[in-house]
Every structure is written in C-alpha cells, then in structure tokens.
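Taken together, the values in this text are just the output of simple stated rules run on the coordinates, not laboratory data. The shown structure was predicted, so the numbers you read here are calculated from the model rather than taken from an experiment. Note that each Cβ is placed from the backbone with ideal geometry, even for glycine, and that neighbours are counted across all protein chains shown.
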Amino acid sequence: MSEDIIEIQKRSYNLKNLFLDPNNYRFIDNENYKKIDEKDLLDINIQKRTRNFIEGNKRENIKDLIASFKANGFLDVDVIQVRDLGNNQYLVLEGNRRVTALKALQEDYEKGLDIGNLNPSIFKSVPFEIHPNDDSKKHLIIMGLKHISGNKKWSALNQSKLIYDYLYEYWNSSLYFQKEEELCDSLGVTKQKIRTSQRAYFLILEYLKSDFGDQFTSDSYSIFVEIIKRPSIKEWLNWDDNEYKALNKINQDRLFSWISKVEDINSQSSLEDNEENDDKEYIELEPIISKSVEIRDLAIFINNTEAINEMEKYRSVSRGLLASGEIDKQNYEKTLTDLAKNLQNLRIYKDMLSIEDIEEIDRLKDTFIDILPQKSSLNIIKGNVSICFEHGKNSHFNSVYIKQYRVLNEFKIDNLNRINIFAGFNNTGKTSLLEAIYLLTKQNDIASFLELIRLKNKIEKLSPIWLNKVFTKNIDISASYNSTNISVRLSKFEAQDIDKKDDYITSYKLESKIDQDSLDNTIHTFAYGTLKRENNQVNNLCNSIIKSPYYYNLEEVLKTHDKSVRLKDTDGKTAIELIVEFLKNIDKDIKYIELTSVDDNIKRFIVDYESSFENLDITNYGEGLQRIFEIALSFAYCKNGVICIDEFETAIHYSLLIDFTEFIQELAVKFNVQVFITTHSKESIKAFVENEYKNDEISFYTITRDKNNMIQTIFYNSQELQNSIEQDLELRGW
C-alpha cells in the first residue's frame, strides 16, 4: 500500500459529526476574530460564531452554494478535507463554506422548507477525506492549493498569513530556502510572490506592535505591499531583505504615522485657552496616506527632505509631490506630447509654409539642438592607484590561464621567462594574449579596461551604448605572478539595487583577486547621465604598458618619458641617456631628444641634431626611429613590471633588429621588466637568438589551432629555439 493511501482515508459521516474550523484563515481579517484554543474548538458558542462568520448577514456569503445545491444536488467535485478529533468528531480543514451551506439546508429541510434537487440523504452521509493529525504542514498546503493558487482565492492578507505560518518555524534555519522552494512547487506560485507577501506581512507585524497597531485593517494590506515594492522607500527604511525588517526604526515609525490616524492639539482651542490652563483639546487627524497609489507618489520624493516636511505640514501627499517638483515633470511630459502632435500636424501643412515660416522654423531648429543633451561617454578618472608589486625583485608571471577572452578559451601558457616571444598565423589570438596579460596587471582598474577597448577600436570617446552592443562575452583570466595566484573577471549585468533612470543601459562588475585579497569595482552606465562607480580604490598588480603599432596614446608616452628622465640604472645613467646613446648608433648626429611645448601648449619631442641648423620634430626621422624610441621609453616606466609589445618588427628595419633586440633585453635586466612580444617576422625571432644576450632568459611559443580548431601553443626553451634557428626550421606555424 502506498504512502499516500496510508495518509489519506476516505469516509462519510452524518453532517452533525462535522465541525467548522473557528481558526480558518478566511476569518483573519474579520475584526471580531480571535484565535481559538484547541480545547475550545467544539464549544457550541464558538461553532455558532464560526457559522455566522461564514454565512454572513442573511446567509449572504453562502447563497451561491445554496442555490447550486438546490439546482444540482451535492456534487462531490471538491472533496471536503477533515481532521479526526476522536469520538467520531471531525474538524473541517477544507470545505467550511460547503459544510455550512449543507447545515443551513438541513435546518430548512427539518422545518419543511424546499431544498430543491438536493437529496436529503446527504445529511446522514457526507463524503470527506481524513488527514493525519500530525501533518499540519500538509493541511496548510491543502488550503493553499484552493485559496492561493486555486479558483477560490482568499484575500491577499489571509494568503500571506498562511504562507507565514508554513514557513515561520524554519526562519533563520538552514532549511528555510528549501522549504520556500517546496512551497513554491506545491502551490505553483512564484518565489517573487511568496517573498513579496512575506516582506509585506513582516512589516505588518511591526506595525501591529507599534502605537498604531490597533488601526490595522485588511484593507491596509495593499499599502504595505506597495511600500516593500518601492526601492527608494526600502532604501530610506534601510530595509534588510535577508531579515525582512527595516533597520532604520525612526523612519519606520515615521512611515507608520503617515498611514495612521494621529491625535493633535486643536489649534483653535489652544489659542482660546489661557496660559494657566493645562487642559488641551485634542482632535483626531486622518492618515496622510490612505491608498496604495499614494505610496507610489511618496516613493518619488521620499529622499526630498523639503517635500517630506511639506507633506507632514499640510498632511497631504499631493503637497509633498508639488514641493518635490514632480508636477513640473508632468507639465513637461504634457508639453512634449503636445509638441509631438503639433509637429505631426505641421508636416501635413508643410506645403503652406512661407519664407518667413521657414526662417522661423530654422530658428526653432537651433533651439532644439540647444535643448538636446549630449550623449554620455565613458570617461573614468583613475584617482590614486596602489601598486601591489612595485618594489623589490619580482619573478613576474610564471603561468597564465585564460578561461575566456575574445578568441581564447581554456588557453594556458607555462614556462614564462623574462623575454617571451609569440608567433603564429593571423587570428590565432596573439594580440588577445598580450591584452589578457596586460589586463591581469591592471586588476580592478576598470578605467584601464575601458581605455584599452577605446584605443583598440580607434574611438575618440567610448559610448556606453556602443560598449553594451559589443561587450557580449565575459572576461575571465588568472595567472601565477611572483608565486602568487591572481585573477580578474569582468562581467555585464543588470543592476537591481540602484535607482534606475530612463536612460540606464547596463552595469559592469570587475572582480579582481590577489592571493586571498579581493577588490571589486562596479560601474553603472547611462545613455546621457554620468556613469556611477561604486568603488574608487584602484589596485594594479605592477607597472605595465601595452605597445601596438595600431594605436597611439600620447598621454601614456608622456608618462613614460617623465619616468625615463628621472629613473637611473645601477651605473647612474638615466633611462633617457641610455636610449639616446643607443639612437646615436643608428644616427651619430643625434645629440639629445627633448620634450617641449609648442603652439597651444602641444607637447612634442624635438631632436637636437648635430648637422642641422634647426632642431626638428622626431616625426621627421621616420617611423622606425619613433617606434624604437617609444618602446625604449617604456622600460623605466614599467620598472619591476611588465611590457607587452604587439607586432614588434613593425616599422623597424631588419638591419637594426639584432642591435635593438639586445638593447631591450639589456633594459629589461636593468629595470627588472618582463617582456611579452608578438611577431610575424622570422628575422625578429632570429635576432633575439643571434644577439647572444642571455639566451637562457628567452621562451618562445608557436600559437596554432589543433584539429578541433582550439588555439594551442608549442613551447620552445632557449636551447630548442637556438637549434631550430640553426637548422633554419619554420617556427611561426606556417
């Protein structure tokens, strides 16, 4: 025999053996209701009161059932559910209205009155199902199925009370969310509905404990629901959604006073009283808020102190709304609607426009342009940046794992060295790899993430609308740096806990972690409004830079020059002196390179040239020399950090490669910099080996796609790289 058959027993008994439930949830909002103890359930007077509650005046509440029974007889469609009280006495759990209607018809029948098509034998054998006494939770589910998710719904307050009774014993226990889930499944209702009802009910319980608790009626329930639906009011109350309570008790009491009648001194009476008379006449003032719709208006100006004071002074939500300026907003909306209609009408009559009309419209066009707000751009001021590994001897990156970044997925590189060279076909993720490493060094610096996107796409200003369209995949990268685990993760989401404006677009969260220390950064973007940032603290892993021939960052170049002028190597030479010495090997007439300001304070690099009557801008000396100069400037700036150089060989003549590769290796040692390079050039790869400068500090990787089109690497240590070069083997994945 199944468990269900054991638990539920079907019976039929005389109607007089069925007793109505005086604690039925439908009575909770009745002002005459009070909870009845178990021992008094069958008391004659209690049963009479319960029947009166159910029947209403002149059987008004059950006349539909009486009419149905008279017309159709008793149809055993919805089974009556009972609890066995012993001694052939049964308490009705579900079906109290039907049992009451049957009792009323039985009395009519005994008085000789007509009961229509109802067979009187039903009075002696009413069918029902018995549920076990120890399963109160199942009783609640039975009632909930009928009166919460079923076709005979109770009032919202009564529904909330049932849900509260079911869940309350699990409150603050590990089982709570499991039981909440089970209740949702059992009743077929959403978690949102369950939680909304409970938040409102918990707030009602607080109200009942307040000075105004005796004023609560079931009609007030919608006001409490509206309160907890409004984010601005919840924030004002400092509402805790985990504990279902307001933490700001002062504001809570103030809110309760607005929805309640209060006593105040009769101002007219107090004027007439002489000073020696301490007796004051008090009058009862109606609530400021008596409708749920007024809560919606209140939410608009809840944080406007002036408007709240105005509302309290005149005891009128409308006065508060007016003081808040929202009336102006409504007038604005009407003006905008009228304008749209008038413009549409003007299009119909455009053939009637005169020259004077056209001139007037042209003037109006300028007014329109002046009115329209400029679209927002994502400019973030970095502020103070902390560098985690700025001083001391760092071992830099040991390995990198890219779970997801652009074309790279589940991608890992190990055996990283001071100089790391990557070669491979186009579209195998070489540039993406450099960007991922660079972003790892920036940690929670979301401004650097956005700046990289702007530079890559050659955009003057980064539009939040455009960013929302192109940012379709989360970024998830981790690594081992200086024997410390680090990670960054950038994701897009829709925020739920901010006061959203009409132009809200989306939000971005950058989660960073260094060892066990986490530091997140979140921004909320708007089409026209300024972005909102939740954390101004910025941590970088180390000093870093990414150099690419495809975008130019003047501000960054100026910063690298500043460091190169100030920082010295162990021999006492500044970085700029080392760079100029190297450039003299390329062109012996170069004496020095100086940063100056020209027209309108424009910063330019001017070359002091031996054989020229005029010192010229560095741009006159070719792209190769400029690129060598700017790459070399980066090393002092990235002291104890990381440099990423994309397409290293671009604009540099092959005859300079051996000397230049040796020079950047020397700078990397002098300033303790780890270098990551991508290249298409076989000559560049050979140059790093053939310059014979600390080959043991070189790691080489061929990036290719496997048979499943997944991007992978082939690693060469310094000796394997040298052997392959000597044998003239192809290393680039060709």
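What to note about this one:
- A full extension of the chain between R315 and R533 corresponds to an added length of 74.7 nm, given 0.36 nm per residue minus the alpha carbon distance.
- Put in line by how crowded their Cβ is, counting other Cβ atoms within 10 Å and starting with the fewest, Y201, Y244, Y592 read Y592, Y244, Y201.
- To the nearest ten degrees, helix 136-147 and the longest principal axis of the Cα atoms of the chain are 90 degrees apart.
- Listed by chain and number, the aspartates and glutamates placed with their C-alpha closer than 18 angstrom to that of K412 are E435, D476, D706; residues fewer than eight positions away on the same chain are left out.
- Lys/Arg +1, Asp/Glu -1 at C-beta; the chain dipole; positive extreme among V642, P464, V580: P464
- Potential lengthening between Q719 and Q47 on full extension [0.36 nm per residue; Cα-Cα distance subtracted]: 232.2 nm
- Shape category assigned to the chain from the gyration tensor of Cα positions, a/c cut at 1.5: prolate
- Cα centre as origin, Lys/Arg/Asp/Glu Cβ charges: the stretch 523-597 dipole, Debye: 180 debye
- Förster-model FRET efficiency, 25 Å R0, N303 and E243, C-beta, rounded to 0.05: 0.65
- Geometric extent, Cα atoms of the stretch 414-511 - Rg, Dmax (angstrom): 16.0, 51
- When the listed pairs K547/K694; K191/K291; K670/K694; K403/K430; K442/K603; K34/K249 are checked against a 18 Å cut-off, the alpha-carbon distance exceeds it for K547/K694; K191/K291; K442/K603; K34/K249.
- Label-point separation in nm, R705 to K10, each point 7 Å along Cα→Cβ: 6.7 nm
- Gain on full extension, evaluated as 0.36 nm per residue between D211 and A67 minus their Cα-Cα distance, stands at 47.3 nm.
- Estimated distance in nm for a label pair at K588 and N172, the labels positioned 7 Å out from Cα along Cα-to-Cβ: 8.8 nm
- Ordered by the number of other Cβ atoms lying within 10 Å of each residue's own Cβ, fewest first, F526, F613, F411 fall into the sequence F613, F526, F411.
- Tilt relative to the chain, helix 249-258 - C-alpha long axis, 0 to 90 degrees, to 10: 50 degrees
- Placing a label point 7 Å from the Cα of I602 along the Cα-to-Cβ direction, the residues of the stretch 525-561 whose backbone N falls under 18 Å from that point are 552-558.
- 0 to 90° range, to nearest 10: angle between helix 191-209 axis and the chain longest Cα axis: 60 degrees
- Residue exposure sequence - I358, I631 - by fewest surrounding Cβ within 10 Å: I358, I631
- DSSP bridge analysis restricted to the chain gives an antiparallel fraction near 70%, rounded to the nearest 5.
- The distance linking the stretch 38-83 with the stretch 625-651 is 88 Å (Cα centroid to Cα centroid, whole angstrom).
- If R0 is taken as 45 Å, the Cβ-Cβ distance between I465 and Q712 corresponds to a FRET efficiency of 0.75.
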